[in-house]
1. Within the stretch 210-221, restricting attention to residues that are modelled with pLDDT of 95 or more and not β-branched (Val, Ile, Thr), which residue is farthest from Ile126 (Cα to Cα)?
2. Count, please, the residues in the stretch 122-146 that happen to be hydrophobic (A, V, I, L, M, F, W, C) and out of contact with any Leu (no Cβ under 8 Å at 6 or more places or on another chain).
3. Going by the structure shown, is Ser165 in contact with a helix residue (DSSP H, G or I) (Cβ under 6 Å, 6 or more places away or on another chain), at pLDDT 95 or above and not in a loop (DSSP other than H, G, I, E, B)?
4. Give the residue that is modelled with the lowest pLDDT, with candidates limited to residues of the stretch 359-406 that are outside any helix (DSSP H, G or I), of a type in the set (A, V, I, L, M, F, W, C) and under 30 Å from Arg252 (Cβ atoms).
5. Would you tally the residues in the stretch 59-77 being closer than 19 Å to Met466 by Cα and either buried (at least 19 other Cβ atoms within 10 Å of the Cβ) or touching a residue at least 60 places away in the same chain (Cβ under 8 Å) (or both)?
6. When you look at Gly431, is it surrounded by fewer than 17 Cβ atoms within 10 Å (Cβ to Cβ), in contact (Cβ under 8 Å) with a residue 24 or more places away in the chain and not assigned by TED's automatic domain parsing to the domain that holds Leu146, yes or no?
7. Tell me the helices (runs of 4 or more DSSP H) entirely within the stretch 472-532 that contain at least 3 residues that are assigned by TED's automatic domain parsing to the domain that holds Tyr309, touching a Pro at 6+ places or on another chain (Cβ under 7 Å) and at pLDDT 95 or above.
Amino acid sequence: MCGFYGLVNWNGIDAGHERSNLLRSIARRGPDDHGLVTEAWFEAAHTRLSIQDLSWRGHQPFQDQSGRFLTVYNGEIYNFREINNNLTKNGITFRTGADTETLIENFSLKNISAFSDFHGMFSGAIFDREEKAVYLFRDRLGVKPLYYSQQGAKLAFGSTPKVVSDLMGGLPTDKSQFMNYLAFRTADTDKSMFVGVNSLRPGTVLKCSSSHIEQTTFWDVRDYINAPHTDLTEDEVIYQLRLLLEQAVDKRLVADVPVGAFLSGGLDSTIVVHHMAAKSGTPVRAHTFTSLLDSDDETARAQRTADFYRAKCEIVDITYENYLDDLSLLTKTKGSPLCVPNEYAIFKMSQKMKPTNTVVLSGEGSDEIFWGYSNIFTSGAEAINITRPHDIARWIFDRYKYVSPETLLQIGYDTRFSTSYIENGVSYILGIMNELGHGSLTDHLQYFFLRHHLPSLLMRLDNATMAASIEGRAPFTDHRLVEFALTIPARMKLGAGEGGTSGKRILYKAYNDLPGWVVKTPKIGFKIGDTLRHRSEFTPLLNQFYPRAATWFDDGSVPPMQKWHLTMLSLFASNT
């Protein structure tokens with residue numbers, strides 16, 4: 001839901017920026033309405049995708065009843081009605097049916113502690129007119145983005161790194177992040193691809209005033225990774241797991257617009273549709289895709305699953321017409337290179353879905369909390385003799401990296417660059433490990449996947465859906481489910497499962513009542529083939545950006561996924 005930006009200058013706002021261009025840059029995130037408030041020390045703008053209370057009353061920027069606080073906000077607070085009951089007891093009379101009002105009134109009552117009450121995905125800012133302070137906030141798992149930059153008395157923030165860069169006068173791309181992208185498919189998780197533009201850490205509130213910046217953490221995943229493992233029996237774990245997943249899906253059906261689902265026919269998306277079908281009085285609208293380049297086409301299984309749940313399944317044919325133009329659009333709206341080819345498929349499915357659905361549920365998060373990346377988690381559990389931090393970091397880098405050092409040599413970089421690439425990647429992982437502190441290799445793997453890998457998937461979902469003016473929701477990122485899943489011991493996650501995979505065993509077992517073609521089929525994943533093969537329109541970008549002429553683009557010497565990352569980085573560089 002929505003896009004926003006804000007500019008704060010405690011020395012006074014200078015209206016030197018082009019507001020119409022800034023609003024246009026985030027218009028796809030909110031095509032239904034837009035609003036702008038400018039005061040002596042701040043400017044706040046919002047573009048709305050109407051989800052709750054579709055009337056004019058949900059217009060943002062939105063202020064509390066006292067007039068002291070003003071907010072621009074993106075996301076959904078799924079338990080807003082329950083919070084409203086408490087606020088009503090405290091004398092609040094609600095003017096709207098929008099969760100935005102819940103957010104600002106609860107903050108007015110409880111200040112920063114209000115964020116611990118919210119179940120959902122959210123990011124935004126609250127302006128305190130009395131103190132001349134602004135509070136930036138982001139949800140626990142980082143489902144919704146927030147970027148910011150601060151220079152002296154000037155603070156800019158927004159839904160995308162590019163709008164923040166533009167507010168600050170046009171910041172250069174951060175070439176130090178190019179290595180990070182090639183290795184990890186995103187920039188540093190706390191930064192962006194623009195110099196000085198940072199990503200607000202999930203589960204935090206940043207209070208900014210003219211004299212100081214103060215960060216408060218209201219939720220930290222590290223508290224649960226280091227928590228004792230549950231002493232529940234396997235049957236008790238399964239009962240609790242299904243209950244939490246049912247509640248997570250149920251909460252994400254809250255909307256005043258139709259809610260659909262992405263359905264591959266695999267375990268995660270089928271679990272979501274299973275619970276949606278049980279709750280919905282009307283058939284679930286599901287979308288899946290097919291591609292001539294995909295050797296593991298799942299559309300037949302998706303259609304069979306949809307039929308089983310009496311869902312309406314629409315299959316989207318991915319044709320890759322106007323491919324360069326579409327990828328350029330997605331890169332500009334994201335302000336970053338795309339992380340995987342699936343981002344394009346999600347965008348095309350979202351475009352197809354838009355006429356009938358404004359909200360879609362997706363399966364992101366399951367593999368990260370239930371160890372669906374079975375090869376790396378199984379190897380990590382077996383590598384008990386690797387204990388030195390540097391060795392653990394190198395082990396993770398060697399198994400996780402997307403572009404290999406050998407490929408960098410193949411495209412024309414020298415050995416010194418390749419060595420620096422490895423050192424940069426290992427150093428980045430060590431920095432994340434230091435945040436966790438002591439722990440086994442699997443503890444550090446778990447934290448790395450939640451601290452770095454999952455945010456990149458969530459930004460993929462956010463960008464690809466919002467570029468089509470659709471809101472993506474991910475039930476597996478429900479914080480209560482994540483908290484519980486992190487206490488499930490490794491022996492319940494690893495081991496031979498129904499699906500013939502060594503990961504997610506407890507999830508397969510918990511849902512063994514699903515159709516056999518779902519739970520007894522090995523995990524395929526969201527695969528797409530070499531979408532760039534014989535696409536000569538990309539070659540000029542590569543020739544301009546990389547040291548060696550792009551003869552490697554079609555000769556098979558560079559694996560397709562690595563070629564994708566190299567191409568997306570050159571596309572991003574050419575567009576900024």
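The values are calculated or read from the model by the stated rules, or taken from the named source; none is laboratory data. These numbers come from a predicted model, not from an experiment. Please note: Cβ atoms are built from the backbone with ideal geometry, for glycine as well, and neighbour counts cover all protein chains shown.
1. In this case the residue turns out to be Asp220.
2. Looking only at that region, the number is 1.
3. no
4. Trp371
5. Final tally of qualifying residues: 7.
6. Taking the combined requirement at face value, the residue does not satisfy it.
7. Details: elements: 479-485, 490-493, 505-510, 516-519.
Per the criteria, no element qualifies.
For (1) in contact with an Asp or Glu (Cβ under 7 Å, 6 or more places away or on another chain); (2) of a type outside the set (Gly, Ala, Ser); (3) part of a helix (DSSP H, G or I), each residue gets a yes or a no:
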| residue | (1), (2), (3) |
| --- | --- |
| Ile13 | yes, yes, no |
| His34 | no, yes, no |
| Gly67 | no, no, no |
| Thr71 | no, yes, no |
| Asn74 | no, yes, no |
| Glu82 | no, yes, yes |
| Thr102 | no, yes, yes |
| Asn106 | yes, yes, yes |
